[in-house]
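What follows is one structure encoded as structure tokens, with my remarks underneath.
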Amino acid sequence: MGGVKILLLGGNGQLGTDLRSALRGHTVLATARVPAPDSGLRALDVEDTRGCAALIAEFGPDLVLNTTAFHRVDDIERDASMALRINAAAAQQLALACRAADCAFLHVSTDYVFDGVKGAPYLETDVPNPLSAYGASKLVGEQLIRIAWPKHYIVRSCGLYGLAGASGKGGNFVNTMLRLAREGKPIRVVGDQICTPTATADLARQIARLIETGVYGTYHATSAGGCAWSEFATEIFTLAAARGLIAAAPPVTAISSATFGAPARRPPYSVLENRGLAELGIDILRPWQEALTDYIAAL
Ligand SMILES: NC(=O)c1ccc[n+]([C@@H]2O[C@H](COP(=O)([O-])OP(=O)(O)OC[C@H]3O[C@@H](n4cnc5c(N)ncnc54)[C@H](OP(=O)(O)O)[C@@H]3O)[C@@H](O)[C@H]2O)c1
């Protein structure tokens, strides 16, 4: 144990789980809303403002790292109340608690704050314009944090997948694709949304690097490159078939977002450029295909 004292919120999520590994050199107290027995995680609901402030006062962290979110994007389109509570109000309260304790705050945000009409990779300085209620809730969270406490890092990422699987979504995109392939279901995936799938293992290592800098602000942190979700699915199947995880790579039919018909609109192009990390000389994120290859190998 040593290094920085970090209070990690959402320690059982995809990113939270990989952060526990990436931050091994530090003193980390990890929490979860409902920790599994014997997980070593402390119970903490981020809606419990007093409980959060009390734990911050008790543990005395140098940094609070918030990976919690309510991100069922299509459900939020029908009812944004929970998203506003977790992604915005709770984020504000956490930032205020960090200000009271004079510790840094790191919060994770999303490419869905952008509308996707730029047609080129988004920079941290580009003006957000969310298309979905989820994106709006995350943007409000960002803004409330900026107002509450300057010692913050806001890290926007995209298309996360990790070995822990996104609990709120019943798994991640890679798990879902492999399940459909094993069930022999036809694979129809949107081909008109371009972004950059990012492995939480890689993002966790990047966050561990960023917090060493003490240079606060908003950062984009995704793998390098970009692809449509249909291309991502094709790559998943090619790699999984080569490793024997599925019998053969099934054909992928690229469909339009309109045909898919999800309730929430997604940006058609939300590749993020990691300009801030590059300027600090610490962009360690590799091409998305390399990260996916390692992820499939670890399954
Ligand atoms: N997944 C993506 O594709 C994606 C893309 C861009 C950005 N992001 C952002 O990246 C961050 C991490 O996402 P992820 O994929 O790692 O999500 P995840 O696996 O679903 O983890 C989110 C965690 O938040 C916890 N949580 C929700 N409500 C809580 C509450 N009231 N109190 C305490 N914990 C609560 C969840 O716990 P329970 O399971 O117990 O509810 C879960 O452990 C989020 O900020 C998300 O908005 C995600």
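Just a few scattered comments:
- Taking the longest Cα principal axis of the chain as reference, the axis of helix 90-101 is set at about 30 degrees.
- 19 Å cut-off, amide nitrogen to a point 7 angstrom out along Phe260 Cα→Cβ, residues in segment 55-98: 71-78
- Segment 172-274: C-alpha gyration tensor shape, a/c 1.5 cut-off, then a/b vs b/c: oblate
- In sequence order, calculated HN-Hα J values of segment 57-65 (Karplus, 6.51, -1.76, 1.60; Hz; x Gly/Pro): 5, 5, 7, x, x, 7, 8, 9, 10
- Taking every lysine pair in the chain that is 8 or more places apart or spans two chains, those with Cα atoms closer than 30 Å amount to 8.
- Working value for segment 248-293: equivalent-ellipsoid semi-axes of 30, 19, 7 Å, each the square root of 5 times a Cα gyration tensor eigenvalue, largest first.
- Summary of the geometry: segment 44-84 and segment 226-260, compared by the centres of their Cα atoms, lie 34 Å apart.
- Dmax and Rg, reported as Rg then Dmax, of the chain (C-alpha, Å): 18.6, 56
- The chain: calculated mean residue ellipticity at 222 nm from DSSP helix runs of at least 4, using -39500 (n - 2.57): -11000 deg cm²/dmol
- Overall form of segment 214-299 per C-alpha gyration tensor (a/c, 1.5; a/b vs b/c): oblate
- In range of the label at Ala57: residues from segment 122-153 whose backbone nitrogen is under 16 Å from the point 7 Å along Cα→Cβ: none
- The orientation-averaged projection of the convex hull spanning the C-alpha atoms of segment 29-70 amounts to 3.2 square nanometres.
- Computing FRET efficiency as 1/(1 + (r/R0)^6) for Ala120 and Ser39, where r is the C-beta to C-beta distance and R0 is 45 Å, gives about 0.60.
All of the numbers you see were taken from the coordinates with simple rules; none came from a lab. Values in this document were obtained by computation on a predicted structure and should not be read as measured data. Glycine gets a Cβ as well: all are built from the backbone with ideal geometry, and neighbour counts include every protein chain shown.
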